[in-house]
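Inspection log for the structure reproduced underneath, given as structure tokens.
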Amino acid sequence: MRFQDYKVVITGATSGIGLATVKQFIAEGATVIGMGRNFDQTKDLGDKFIPFKCNVRNPEEIDNACAFIEETFGGSIDVFVNNAGLGSTTPLTAMTHEAFMENVSLNLEAPILFVSKLYPLLLKSDKGDPNVVITASLASRTYSEPVLYCVTKAAVVQFAKIACNILRGIRINTVSPGVIKTPIFGREGTMMPSEAVDAMYAGSAQINPVGRVGEPEEVAELICFLASNESPYMNGSDVIIDGGSSTVL
């Protein structure tokens with residue numbers, strides 16, 4: 001198994017891409033500290049899953065989480081996956097300070113703080129290839145609304161490229177999914193009604209060269225590939241996983 005006895009930390013671990021990634025790592029031998037706020041969907045994951053309630057918008061809670069990680073995993077980790085994110089629908093013409101800070105704190109500040117604080121623990125990994133994978137978005141390469149989501153996801157891709165040069169001894173990559181079937185579209189910050197989400201999926205499938213939208217498990221497999229020793233020369237890469245939709249948009 002690729003991740004036998006690995007110590008893995010995942011944010012946004014309780015649904016969608018994050019939960020699928022947790023399950024994949026555990027299936028391949030890892031122990032996972034999963035962060036989130038609602039653990040209803042993680043109750044059957046067994047003792048290889050260690051839940052930690054954390055609002056990653058709050059820097060103090062990030063500090064507490066990093067202290068818990070260090071204590072629980074004995075001062076080292078092998079993989080950090082930053083998956084928590086916010087899909088804001090605030091248009092540019094209705095921009096507020098509150099909406100700006102909410103998006104920046106979750107989509108950009110949180111991964112930067114986590115990576116900087118967990119870097120010493122990653123350097124102590126005994127697996128030979130400690131690394132970070134950050135979930136960005138295909139929106140990082142588009143030029144439309146929602147502006148806050150596009151800008152913060154573009155910024156986190158750029159951060160990963162800078163950080164992989166500064167934080168030597170670990171690898172840092174990003175994944176940029178296109179439209180994936182996850183709960184993000186109906187959650188806080190987006191709150192799209194179910195009929196609007198269904199219509200979006202249908203429209204996306206129609207233009208996508210593969211004729212459908214993506215599944216969380218497909219992104220999880222890409223994340224695990226980047227986190228494994230199967231990709232040792234990938235560093236500072238942003239990998240699109242969108243079924244080819246970016247070729248027709």
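The values are calculated or read from the model by the stated rules, or taken from the named source; none is laboratory data. Just so we're clear, the structure is a prediction, and the values are computed from it rather than from any experiment. Cβ sites come from the backbone with ideal geometry, for glycine too, and all protein chains shown count toward neighbours. To get the accessible areas, we keep the full protein, side chains included, count just its heavy atoms, and leave off ligands, DNA and RNA. Shrake-Rupley method; radii C 1.70, N 1.55, O 1.52, S 1.80 Å.
Of everything in the stretch 149-182 that's at pLDDT 95 or above and charged (D, E, K, R), which residue is surrounded by the fewest Cβ atoms within 10 Å (Cβ to Cβ)?
Out of the qualifying residues, it is 168.
Among the residues of the stretch 101-111, which ones are of a type in the set (A, V, I, L, M, F, W, C) and buried (at least 18 other Cβ atoms within 10 Å of the Cβ)? Walk me through how you get there before you give the answer.
We begin by selecting, within the stretch 101-111, every residue of a type in the set (A, V, I, L, M, F, W, C); these are 101, 104, 106, 108, 110.
Correct list: 106, 108, 110.
For the stretch 112-139, what are the residues that are in a strand (DSSP E or B) and more than 12 Å from residue 227 (Cα to Cα)? Walk me through it before giving the result.
Taking the stretch 112-139 first, the residues in a strand (DSSP E or B) are 131-135.
Result: 135, single match.
Would you confirm whether or not the stretch 88-101 contains a residue that is among the acidic types (Asp, Glu) and closer than 23 Å to residue 171 by Cα?
Within the stretch 88-101, not a single residue is among the acidic types (Asp, Glu) and closer than 23 Å to residue 171 by Cα.
For the stretch 213-249, give me the residue count where each residue is not hydrophobic (A, V, I, L, M, F, W, C) and not in a loop (DSSP other than H, G, I, E, B).
9
Looking at the stretch 36-56, which of its residues are closer than 12 Å to residue 11 by Cβ and open to solvent by less than 50 Å² (accessible area, probe 1.4 Å)?
36, 52, 54, 55, 56
Looking at this structure, is residue 117 open to solvent by 70 Å² or more (accessible area, probe 1.4 Å), more than 30 Å from residue 246 (Cβ to Cβ) and either in contact with a Ser or Thr (Cβ under 6 Å, 6 or more places away or on another chain) or hydrophobic (A, V, I, L, M, F, W, C) (or both)?
In short, no.
What single numbered condition from (1) acidic (Asp, Glu); (2) open to solvent by 40 Å² or more (accessible area, probe 1.4 Å); (3) not in a helix (DSSP H, G or I) fails to hold for residue 98?
It is condition (3) that residue 98 fails.
I'm checking my understanding of the structure. Among residues of the stretch 183-215 that are within 18 Å of the chain's Cα centre (by Cα) and small (Gly, Ala, Ser), which one is modelled with the highest pLDDT?
Out of the qualifying residues, it is 214.
Are any residues in the stretch 114-143 within 14 Å of the chain's Cα centre (by Cα) and closer than 23 Å to residue 71 by Cβ, and if so, which ones?
Residues satisfying the conditions are 114, 115, 131, 132.
Regarding the stretch 128-148, can at least one residue be identified that is open to solvent by 30 Å² or more (accessible area, probe 1.4 Å), at negative phi, among the basic types (Lys, Arg) and modelled with pLDDT of 95 or more?
Scanning the stretch 128-148, I find no residue that is open to solvent by 30 Å² or more (accessible area, probe 1.4 Å), at negative phi, among the basic types (Lys, Arg) and modelled with pLDDT of 95 or more, so the answer is no.
Please find, among 218, 230, the residue that is charged (D, E, K, R) and within 15 Å of residue 180 (Cβ to Cβ).
218
Of the residues 80, 68, only one is within 17 Å of residue 121 (Cα to Cα), touching a residue at least 12 places away in the same chain (Cβ under 8 Å), hydrophobic (A, V, I, L, M, F, W, C) and part of a helix (DSSP H, G or I); which?
Going through 80, 68 in turn, just one is within 17 Å of residue 121 (Cα to Cα), touching a residue at least 12 places away in the same chain (Cβ under 8 Å), hydrophobic (A, V, I, L, M, F, W, C) and part of a helix (DSSP H, G or I): 68.
Which residue is farthest from residue 101 (Cα to Cα), if the candidates are limited to the stretch 39-71 and must be among the basic types (Lys, Arg) and within 17 Å of the chain's Cα centre (by Cα)?
Within the stretch 39-71, the match that is farthest from residue 101 (Cα to Cα) is 53.
Among the residues of the stretch 61-95, how many are more than 30 Å from residue 48 (Cα to Cα) and open to solvent by 60 Å² or more (accessible area, probe 1.4 Å)?
The number of residues fulfilling the criteria is 4.
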